[in-house]
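So the structure is just underneath, and the comments pick up after that.
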Amino acid sequence: MSGYGIDDVPHVELTHEKVTSLKKEDAAQAALMAEAVIAVAEDDTVIGPMSKLEAHQGAGHYHRAFSVLLFNKKGEMLLQQRSSDKVTFPNVWANACCSHPLHSPEELELDNAMGVKRAAIRKLEQELGIDPASVSTDDMVFMTKMRYASRMNQEWIEREVDHIIVMCADVDVHPNPNEVADTMWVDREGMEAMLLEERDATQAIAPWFRCIAARIMQPSWWSAFDDQNALLELGDELIHDMGDVSYMLPNAEGADLLTSIMEVKPLIEHRIEDSLRASRHERLGNAMMHLIEGGGKRMRATLPWLIGKAVGDTHAGLLDIGAAIETVHNFTLVHDDIMDDDELRRGRNAVHIEYGLPTAINAGDAMLAIAFERLVQAENVEIDDIPPLVNRVAWMVRRVSEGQQLDIEFEDRLEVSEEEYIE
């Protein structure tokens, strides 16, 4: 099979505007952007079907993926260079097959990773011309998962929860030129040399494969390439957090600020709601969420992630820190509205107007405590870094309180000097 039509697979009808945005792309590859991939949360929980286009365009969205590490009986691993026709990440070198399970009962199945294994059989044939009769899901061993994001340019991004599969089989490879430009078999030393050498942008290593080869894959995987029992012992059920690895692509181009914010804003808001809705008292939870539901740019909340991304070191804990900072900010707004006797905030009733003064005070107090809970439980933050973080945020809250007290006292004065105001 050299390829298949979009009507042969689960797909989502694209709007005229979306179709138009693909006019400059290869026609066959553009058509496949309607494939219905599996949108997921950070923990790989299924959200629903989503077009491949929506999952990869603009801010993108996390979706389920798979990466097949295919060994032959000599212990060599198959690599492929993606075709120049590909919409995303053309020409990069990656593992034998990396693609997406589609939103169908067969490829959604989680037992024994059967869904992604079936998807791998489908794509090994479609991309590499490997006869499905020559490989089986029984040949495949699920090893682990990783979560990563990698931006190609302003328009396109990859954001995946990637299921990593190892298999050993001697196969005949007949690449589909619309999918694959070249292939090669490499041993461990050859792969490591590729990772270390300076490579032209047209021969770059795919960021996701660099993560697998340099961060996930252990030397023991090479030793056990043809021993399924040994591979099963080496696997795990974790989702390894790679963060944003856009810097691994030599010619990557960043997105504008608003797009960069939108990449992580929903993830931060989910953390905030998850924390505030955890209250055992529904009215208290609703009061704490009142201003959050009023919207906001979340600029301060995304800054930890954006700064980490700028220096090439991101992880989910930065989103936890951002959620904590945003919760503190909203706590100050609740109390500020009470002290200033303001009735409106962000076009809606202030919390003390909507829920009453006692509940508003209580909600603000609880939000401050919850913010510190989120902070000290931040994922992937080293234990030695927690005390300085707590100290810095506590210092910030104290300074805000001092500033608020000055503001209260200034209301009774006719004159306030510039120095006093700045202080």
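Listed by first and then second residue, the pairs linking a residue in region 127-148 that is within 30 Å of residue 243 (Cα to Cα) and free of Cβ contacts under 8 Å to residues at least 60 places away in the same chain to a residue that is in a loop (DSSP other than H, G, I, E, B) and acidic (Asp, Glu), with Cβ atoms under 9 Å apart and 6 or more places separating them unless they lie on different chains, are 127/179; 128/179.
In region 330-354, the residues that are within 23 Å of residue 410 (Cα to Cα) form Cβ pairs under 9 Å with partners that are among the polar types (S, T, N, Q) and surrounded by 14 or more Cβ atoms within 10 Å (Cβ to Cβ), at six or more places apart or across chains, as follows: 332/404; 335/404; 336/404; 339/404; 343/349. Residue 122 versus (1) crowded, with 22+ Cβ neighbours inside 10 Å; (2) within 29 Å of residue 54 (Cβ to Cβ): which is the lone unmet condition? Residue 122 satisfies all of (1) crowded, with 22+ Cβ neighbours inside 10 Å; (2) within 29 Å of residue 54 (Cβ to Cβ) except (1).
Of everything listed in (1) touching a residue at least 60 places away in the same chain (Cβ under 8 Å); (2) surrounded by 17 or more Cβ atoms within 10 Å (Cβ to Cβ), the single unmet condition for residue 75 is (2).
Could you say whether any residue in region 331-351 is loosely packed, with under 12 Cβ neighbours inside 10 Å, at positive phi and either charged (D, E, K, R) or not assigned by TED's automatic domain parsing to the domain that holds residue 314 (or both)? Scanning region 331-351 turns up at least one residue that is loosely packed, with under 12 Cβ neighbours inside 10 Å, at positive phi and either charged (D, E, K, R) or not assigned by TED's automatic domain parsing to the domain that holds residue 314 (or both). Counted as qualifying within region 116-198 are the strands (runs of 3 or more DSSP E) with 2 or more residues that are closer than 24 Å to residue 8 by Cβ, namely 157-168, 180-186. Of the residues 252, 213, 193, which single one is free of Cβ contacts under 8 Å to residues at least 12 places away in the same chain and farther than 23 Å from residue 41 by Cβ? Within the list 252, 213, 193, the selection yields 193. Output yes when any residue across region 252-266 is at pLDDT 95 or above, more than 17 Å from the chain's Cα centre (by Cα), acidic (Asp, Glu) and farther than 16 Å from residue 56 by Cα, and no when none is. Checking region 252-266: not a single residue is at pLDDT 95 or above, more than 17 Å from the chain's Cα centre (by Cα), acidic (Asp, Glu) and farther than 16 Å from residue 56 by Cα. Right, residue 236: within 20 Å of residue 213 (Cα to Cα), in contact with a His (Cβ under 9 Å, 6 or more places away or on another chain), surrounded by fewer than 16 Cβ atoms within 10 Å (Cβ to Cβ) and among the acidic types (Asp, Glu) or not? Judged against the criteria, residue 236 is not a match. Return yes when residue 380 is assigned to a helix (DSSP H, G or I) and polar (S, T, N, Q) and no when it is not. No; evaluated as a whole, the condition is false for this residue. Scanning region 291-330 for residues that are surrounded by 23 or more Cβ atoms within 10 Å (Cβ to Cβ) and over 29 Å from residue 242 (Cα atoms) gives 291, 330. So which residues in region 105-115 are more than 26 Å from residue 222 (Cβ to Cβ), hydrophobic (A, V, I, L, M, F, W, C) and in a helix (DSSP H, G or I)? If the condition is that a residue be more than 26 Å from residue 222 (Cβ to Cβ), hydrophobic (A, V, I, L, M, F, W, C) and in a helix (DSSP H, G or I), then 108 is the only one that fits.
Candidates are the residues of region 239-257 that are part of a loop (DSSP other than H, G, I, E, B) and among the acidic types (Asp, Glu); the one that is surrounded by the fewest Cβ atoms within 10 Å (Cβ to Cβ) is 256. Restrict the check to region 159-175 and report whether at least one residue is basic (Lys, Arg) and in contact with an Asp or Glu (Cβ under 6 Å, 6 or more places away or on another chain). So far as region 159-175 goes, no, none of its residues is basic (Lys, Arg) and in contact with an Asp or Glu (Cβ under 6 Å, 6 or more places away or on another chain).
The values are calculated or read from the model by the stated rules, or taken from the named source; none is laboratory data. All of these numbers come straight from a predicted model, not from anything done at the bench. Heads up, the Cβs are rebuilt from the backbone with ideal geometry, glycines too, and the neighbour counts pull from every protein chain shown.
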